[in-house]
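The structure appears below as structure tokens.
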Amino acid sequence: MDLISSTDTLRDICTRLATQPFVTVDTEFMRETTYYPKLCLIQMAAPDGTAVLVDPLAPGIDLQPFIDLMADTRTVKVFHSARQDLEIVWLLGGILPHPFFDTQVAAMVCGYGDSVSYEQLVNDVAKAKIDKSSRFTDWSRRPLSEAQLTYALSDVTHLVTVYEVLVAELLRTDRGAWLDEEMAVLTSPETYQAHPSQAWRRLSGRMRKPREIAVLMEVAAWREGEAQTRNVPRGRVLKDEAVIDIASAAPRNAESLGRLRTIPAGFERSRTGAEILAAVERGLSRDTSDIRMPERLRRSGGNGAIVELLKVLLKAVCEAEGVAPKIIATVDDLEAVADDDTAEVPALEGWRRTLFGEKALALKQGRLALSVEAGRIVVRTLDPQAPNLETTER
């Protein structure tokens, strides 16, 4: 099983793949010791039986033909759980594949559960088994073993069948438009632009005061920029727990910084310690009047029972409709709906509102009832003017 290792061969194969209605794509990469992923292998397959492996580490190879294929609007690019693969394409060429299809998202719409794995989907749809023993091997070492190459190729060859089956199901159920919103997020450049100024949002869940958030903003931004510049994981610069401790304590001198339990001994006297203290000072000097607490922390918090009822309702609706709960509403969405009938969440917009949101509001307003009949969750409307709200868990 040969690896494509020259630009000319890659160009020839990409030209041929561009004539296909769709091409399945996957990548193998390493990022345990880096901030940015190190691309180690590209796999592609097409419905005509073409299946290829590309070695991006081959000396002198130019991956531009691959980037051009990803941008070619004549061919649908099919991935499974595409977030990290699309990040790699974005970093390589500053473009995102178009048109694009994620089989994991489609599988959720088609009733295969939340975040279904590729292996499970291949087993359910393509009736095939995948040897996963090579999944966590070192993809940067050369030569790659036959087992690695076989595993890598299976990540795209079975995806051809999976894609065809899912597309047929979407056409049958007329749910193709349900994917649009999810696909739009995945193909938005903003999804892959890691701005240091936004890094604090990953850690804001434990912050309770505007001052803490202001310090968190500056310390998290400093860490993100440092990790990007050095191309190392964030945790190599400063662990999450340390960032949170610093934001909470706001130390203003080396002695105070060194007393924090998550700061290694002597760290406070280093150049990095001085930069952290400077970031703390920037945070303390910020105007906090425009800093809003995260939405989930501003909620009343007294609607726990309603949230639990909404969870049961969501499960019943999803079982009846054959769709994964995660694609309709998250726990945060349910908490927002429990707190506010006009909450600006996806669950109260578009097809999600029709499928679930209206029922959620009716349940809150006493126009809908949940009961158990013969071991099944049954949703009954108490409003004779709205019989379409009824559903039964299958």
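The values are calculated or read from the model by the stated rules, or taken from the named source; none is laboratory data. Note that the coordinates shown come from a computational prediction; the quantities given were computed from them, not determined experimentally. Neighbour counts are summed over all protein chains in view; Cβ atoms, including those assigned to glycine, are modelled from backbone coordinates with ideal geometry. These accessible areas exclude ligands, DNA and RNA; they are computed on the full protein's heavy atoms, side chains included. Shrake-Rupley method; radii C 1.70, N 1.55, O 1.52, S 1.80 Å.
Got at least one residue in segment 202-212 being among the acidic types (Asp, Glu) and within 21 Å of the chain's Cα centre (by Cα)?
No: zero hits.
Any chance you could count how many residues in segment 189-211 are open to solvent by 80 Å² or more (accessible area, probe 1.4 Å) and within 15 Å of Asp240 (Cβ to Cβ)?
Adding up the residues that qualify gives 3.
Yes/no per residue for (1) without any contact (Cβ under 8 Å) to a residue 24 or more places away in the chain; (2) within 25 Å of the chain's Cα centre (by Cα):
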{"site": "Ala58", "(1), (2)": "no, no"}
{"site": "Leu92", "(1), (2)": "no, yes"}
{"site": "Tyr112", "(1), (2)": "no, yes"}
{"site": "Phe136", "(1), (2)": "yes, yes"}
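Considering only residues that are of a type in the set (Asp, Glu) and under 27 Å from the mean Cα position of the chain (by Cα), which ones fall in segment 1-29?
Asp26, Glu28 - these are the residues of segment 1-29 that are of a type in the set (Asp, Glu) and under 27 Å from the mean Cα position of the chain (by Cα).
Filter segment 74-83 down to the residues that are open to solvent by 10 Å² or more (accessible area, probe 1.4 Å) and within 19 Å of Leu10 (Cα to Cα) and list them by number. Explain how you work it out, then say what you get.
Here is the first cut: in segment 74-83, the ones open to solvent by 10 Å² or more (accessible area, probe 1.4 Å) are 74, 76, 80-81, 83.
Correct list: Arg74, Val76.
Let's see how each residue does on (1) touching a Gly at 6+ places or on another chain (Cβ under 6 Å); (2) in a loop (DSSP other than H, G, I, E, B); (3) in the same structural domain as Arg252 (by the TED database); (4) at pLDDT 95 or above:
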site	(1), (2), (3), (4)
Thr157	no, no, no, yes
Ala177	no, no, no, no
Ala220	no, no, yes, yes
Arg223	no, no, yes, yes
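Quick one: how many residues across segment 362-380 are surrounded by fewer than 18 Cβ atoms within 10 Å (Cβ to Cβ) and of a type outside the set (Lys, Arg)?
Matching residues across segment 362-380 total 10.
Could you list, ordered by first residue, the pairs with Cβ atoms under 9 Å in which the first is in segment 149-170 and farther than 9 Å from Ala45 by Cα and the second is aliphatic (A, V, I, L, M) and open to solvent by 40 Å² or more (accessible area, probe 1.4 Å), at least 6 apart or interchain?
Matching pairs, first to second residue: Leu149/Met1; Leu149/Leu3; Thr150/Met1.
Run down Leu179, Leu186 and say which single residue is open to solvent by less than 30 Å² (accessible area, probe 1.4 Å) and closer than 22 Å to Glu28 by Cα.
Exactly one of Leu179, Leu186 is open to solvent by less than 30 Å² (accessible area, probe 1.4 Å) and closer than 22 Å to Glu28 by Cα, namely Leu186.
State whether one or more residues within segment 237-259 are farther than 25 Å from Pro210 by Cα, surrounded by fewer than 16 Cβ atoms within 10 Å (Cβ to Cβ) and not assigned by the TED database to the domain that holds Leu91.
no
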